[in-house]
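Read-outs: derived from the displayed coordinates by stated rules, not from any lab. Note that the structure is predicted; figures quoted are calculated from it, not measured.
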Amino acid sequence: MSAVTLIWLQFGACAALIGTAGYSLSRNGDAIARRTGLSGSWIGLALLATVTSLPELATGITSVTLAHAPNLAVGDAMGSCVVNLAFLVLIDLFFRPQPVWHRASLGHALAGAFGVVMLGFTLVSLLLSQVKPSSTTALVATTTPLGFSLATPLLLALYLVAMRTVFAYERDHASADTPDNGAAVPELRSAVTRFALAACVVAAAGVWLPFVATNLAGAMGWNKSFVGSLFVAMATSLPELAVTLSALRMGALDMAIGNLLGSNLFNVAIIAVDDLFYHPGVLLADVSPVHAVTISSAITMTGLAMVGLFFKPRGRVLRAVSWVSLGLLATYLLNTYTLYLYGE
């Protein structure tokens, strides 16, 4: 067996572990929602979104500490945002009763708006961090006495404000959207235990993943920005995909969408967490500026999703997906091609 084949097998094993555990997360997350009386939207936005983003968190911390690959860390977090938004196209394709944008709750636009704010702040931080240290405009590249960027606590604060605001909205407007399909619901204690075990599997696979990705980039001659933003982001987004498809099978559309948009909020906050663990300096100052393309693509795609949520188009192009979904897909493909050409 060649070395390249072995690396691909390791990558596939990581993906399989994450995908299987992600399915368990969705099933037990649904049980927790039923037993506690929480809304499906909030379970998707907070609980599932946080746990399904554990691979990005584990991969990011491992990349900036043990693997010494900051481009993988940023590429994974930002690339996962783009991948999650591309999953909305799959939802629109597989959800056949009516176009997903017409059926989805308008409340998801609030999470999308906060996503645009956080992504925009990260984009500005990245661009200013690339400025020469002698320039007074590189404020975000200034480190605190503890060694992290001044932008890091601000980004974490934005995340907390976003979650608090969305929670308040969901509490006042949302209702449980997970239908009762007649299946037996596990006891709360059993569901929580299985949920925690699945979360541990996801985190463990996420620790292993950056080392496999680094070897894959070297073996294939690919740049780490491209590998992090495409392959690692796709693998670490498998829990979101598993949860999304499982929620669709249960008829819980808002749980599926809330999971994806909530994961993006957490993914952006992961950049701040990675910066806390990155000791050589400011994380965004030591990565390729090509990540600005990924962040810009995520902002564009989030904007398109918000247009769909507000406009609620009813038609489908060639009876497949709406024009909003086609815009999401085109932006994702353009981002991937750009990273392949100009990544470092």
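What number, in percent, do you get for the relative contact order of region 278-344 if the mean sequence gap of Cα pairs under 8 Å and at least 6 apart is divided by its residue count? Numbers along the way, then the final one.
Values: 30 pairs, mean separation 30.0, N = 67.
Relative contact order here is 45 percent.
Skipping prolines and chain starts, which residues have an amide H placed within reach, meaning under 5 Å, of the one on residue 322, given they are 5 or more residues away or on another chain?
When sequence neighbours closer than 5 places are left aside, the close amide H contacts are 317.
Could you check which residue among 291, 173, 102 shows the biggest mean-square fluctuation in a GNM of the chain with a 10 Å Cα cutoff?
In the Gaussian network model the winner is 173.
Taking only Cα atoms, what is the 0 to 90° angle, nearest 10, from helix 238-249's long axis to the longest principal axis of the chain?
10 degrees
Determine Rg/Rh for region 1-92; Rg is computed over alpha-carbon atoms and Rh is the Kirkwood hydrodynamic estimate from the same atoms.
1.05
So if each residue of separation counts as 0.36 nm, and I subtract the Cα-Cα distance between residue 189 and residue 320, what length gain in nm does that give?
43.0 nm
Short version: ³J(HN,Hα) in whole Hz for each residue of region 282-297, in order, from phi by Karplus 6.51 cos²θ - 1.76 cosθ + 1.60 (θ = phi - 60°), x for Gly and Pro, what are they?
So the Karplus estimates, Gly and Pro as x, are 8, 4, 5, 7, 10, 10, 5, x, 5, 4, 4, 5, 5, 5, 4, 5 Hz.
Pop out the Kirkwood hydrodynamic radius of the chain from its pairwise C-alpha distances, inverse of mean 1/r, in Å to one decimal.
20.1 Å
Under 5 Å between amide H atoms, partner at least 5 residues away or on a different chain: which partners does residue 69 have, H built in plane at 1.01 Å?
Amide H to amide H, under 5 Å and 5 or more residues apart or across chains, residue 69 pairs with 64.
Kindly express, to the nearest 10 degrees and within the range 0 to 90, the angle between helix 188-220's C-alpha long axis and the longest C-alpha principal axis of the chain.
40 degrees
Among 36, 236, 302, which one moves the most in a GNM of the chain with springs linking Cα atoms closer than 10 Å?
Evaluated over the chain, the most mobile residue of the options is 36.
Report, to the nearest 10°, how far helix 70-94 tilts away from the longest principal axis of the Cα atoms in the chain, using its own Cα long axis and a range of 0 to 90°.
It is inclined by approximately 30 degrees.
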